[in-house]
Amino acid sequence: MDNKFEPHASTIVLAGATGDLGGRIARALLAKGALVRVLVRSNSDRAKVEALRKAGAVIVEVDFHKAATLARACEGATCVVSALSGLHYVIVGIQTLLLNAAVAAGVPRFIPSDFAVDFTKLPYGHNRNLDFRKNFKERLDKAPIAATSILNGMFTDLLTGQAPIVLFPIKRVMYYGDANQLMDFTTIQNTAEYTAAAALDSSTPRYLRIAGDVLNVRGLKEAASKATGEEFNLFRVGGLGLLDTLIKITKALTPDNQEVFPAWQGMQYMRDMFSGLPKLEPLDNDRYPEVRWTSVAEVLARR
């Protein structure tokens with residue numbers, strides 16, 4: 001643990017830096033000359049922690065349930081950024097402890113781990129993981145601190161495997177509902193670069209909405225064809241009502257699943273994207289011109 005905190009004009013406290021997005025945010029901040037104070041737990045991956053230390057981050061081991069020490073870890077920060085990932089215990093519980101510590105330490109700004117479609121447009125009960133973010137939002141909006149949520153649609157990286165939309169073996173783009181519905185896609189790296197810029201920007205609004213690419217499934221078909229040099233076709237499975245039914249069946253078969261992203265959760269996210277309800281608008285892509293946006297076709301070509 002690094003105990004001495006030297007004063008610095010731009011000190012960012014970052015939670016969740018041992019995850020993929022969090023690690024990229026840390027490196028993007030360091031590249032911009034920020035002092036990055038990374039909060040880790042005693043059971044954090046030691047190799048990842050050491051890599052962050054070697055990259056230049058200040059490592060602070062904390063127990064999130066010890067309010068006074070957590071607040072001390074936030075002292076002097078210009079912004080606290082959360083890239084935590086998990087279920088209710090983490091997204092609502094641990095983030096609330098982090099928020100309280102930021103407020104107690106007099107930190108002026110807080111960026112929560114939202115990084116999703118515009119869940120503010122969705123009703124409760126629509127998407128489990130987004131409900132956690134809605135729940136935390138209610139706490140954050142009551143706190144005496146300036147907050148900025150960064151909404152990025154879907155991580156483009158998921159199209160190369162985890163999200164079963166672009167089906168490479170059979171050269172199909174699968175969808176439900178309307179083939180003309182536009183959807184937002186942003187790479188993890190672009191999201192990290194933008195978040196780093198926002199963390200160092202003292203004038204951010206409550207929401208920043210970004211999309212590295214905005215495509216409907218016809219656009220996804222063209223991107224897949226361009227990326228592979230092979231012709232893809234569309235595969236409409238059915239309407240959104242069918243997808244709702246499939247989600248209910250899948251969820252019923254795995255009622256006690258404590259994974260962050262079980263199959264039915266991914267299906268809920270796809271359903272929301274295909275519905276257009278949480279579409280991001282207006283986009284704030286131009287706020288930080290140093291971010292070079294990566295297209296869906298570029299990501300698919302690198303798979």
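Scanning the range 264-291 for residues that are of a type in the set (G, A, S) and open to solvent by 70 Å² or more (accessible area, probe 1.4 Å) gives no hits.
With the structure loaded, tell me whether R72 is among the charged types (D, E, K, R) and buried (at least 19 other Cβ atoms within 10 Å of the Cβ) or whether it fails that test. So R72 fails the test.
When we screen A179, A198 for residues that are touching a helix residue (DSSP H, G or I) at 6+ places or on another chain (Cβ under 6 Å), at negative phi and of a type in the set (A, V, I, L, M, F, W, C), the only hit is A179. Looking across L240, L253, one residue alone is modelled with pLDDT under 95 and over 27 Å from A83 (Cβ atoms). It is L253.
Are any of the residues in the range 12-23 assigned to a helix (DSSP H, G or I), surrounded by 23 or more Cβ atoms within 10 Å (Cβ to Cβ) and over 14 Å from the mean Cα position of the chain (by Cα)? Checked against the condition, which is being assigned to a helix (DSSP H, G or I), surrounded by 23 or more Cβ atoms within 10 Å (Cβ to Cβ) and over 14 Å from the mean Cα position of the chain (by Cα), the range 12-23 yields no hits at all.
Within the range 244-276, the set of residues being farther than 27 Å from Y89 by Cα and touching a residue at least 40 places away in the same chain (Cβ under 8 Å) comprises F274, S275, G276.
Considering only the range 171-178, I want to know if a residue exists there that is within 30 Å of S203 (Cβ to Cβ) and either surrounded by fewer than 20 Cβ atoms within 10 Å (Cβ to Cβ) or in contact with a strand residue (DSSP E or B) (Cβ under 8 Å, 6 or more places away or on another chain) (or both). Scanning the range 171-178, I find no residue that is within 30 Å of S203 (Cβ to Cβ) and either surrounded by fewer than 20 Cβ atoms within 10 Å (Cβ to Cβ) or in contact with a strand residue (DSSP E or B) (Cβ under 8 Å, 6 or more places away or on another chain) (or both), so the answer is no. When the residues of the range 179-227 are filtered to those that are assigned to a loop (DSSP other than H, G, I, E, B), touching a residue at least 40 places away in the same chain (Cβ under 8 Å) and of a type in the set (S, T, Y), the one that is farthest from D272 (Cα to Cα) is S202.
Table: residues versus (1) open to solvent by less than 10 Å² (accessible area, probe 1.4 Å); (2) under 13 Å from Y207 (Cβ atoms); (3) more than 15 Å from the chain's Cα centre (by Cα).
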{"residue": "A116", "(1), (2), (3)": "yes, yes, no"}
{"residue": "Y124", "(1), (2), (3)": "no, no, yes"}
{"residue": "N135", "(1), (2), (3)": "no, no, yes"}
{"residue": "Q162", "(1), (2), (3)": "no, no, yes"}
{"residue": "L167", "(1), (2), (3)": "no, no, yes"}
{"residue": "D184", "(1), (2), (3)": "yes, no, no"}
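For every residue, the table says whether it meets (1) open to solvent by less than 60 Å² (accessible area, probe 1.4 Å); (2) in contact (Cβ under 8 Å) with a residue 40 or more places away in the chain; (3) assigned to a helix (DSSP H, G or I).
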residue	(1), (2), (3)
D63	no, no, no
V81	yes, yes, no
Y89	no, no, yes
L98	yes, yes, yes
V107	yes, yes, no
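For G161, the stated conditions hold: it is modelled with pLDDT under 95 and of a type outside the set (S, T, N, Q). Scanning the range 228-269 for residues that are in a loop (DSSP other than H, G, I, E, B), under 21 Å from V117 (Cβ atoms) and under 27 Å from the mean Cα position of the chain (by Cα) returns E259, V260, F261, P262. Taking the range 27-43 as the range and being over 19 Å from L99 (Cα atoms) and either modelled with pLDDT under 95 or in a strand (DSSP E or B) (or both) as the test, the residues that pass are L35, S42, N43.
The values are calculated or read from the model by the stated rules, or taken from the named source; none is laboratory data. Keep in mind it's a predicted model, so treat the numbers as computed, not measured. We place every Cβ from the backbone using ideal geometry, glycine too, and count neighbours over all the protein chains shown. Surface areas here come from the heavy atoms of the whole protein model, side chains and all, with no ligands, DNA or RNA. Shrake-Rupley method; radii C 1.70, N 1.55, O 1.52, S 1.80 Å.
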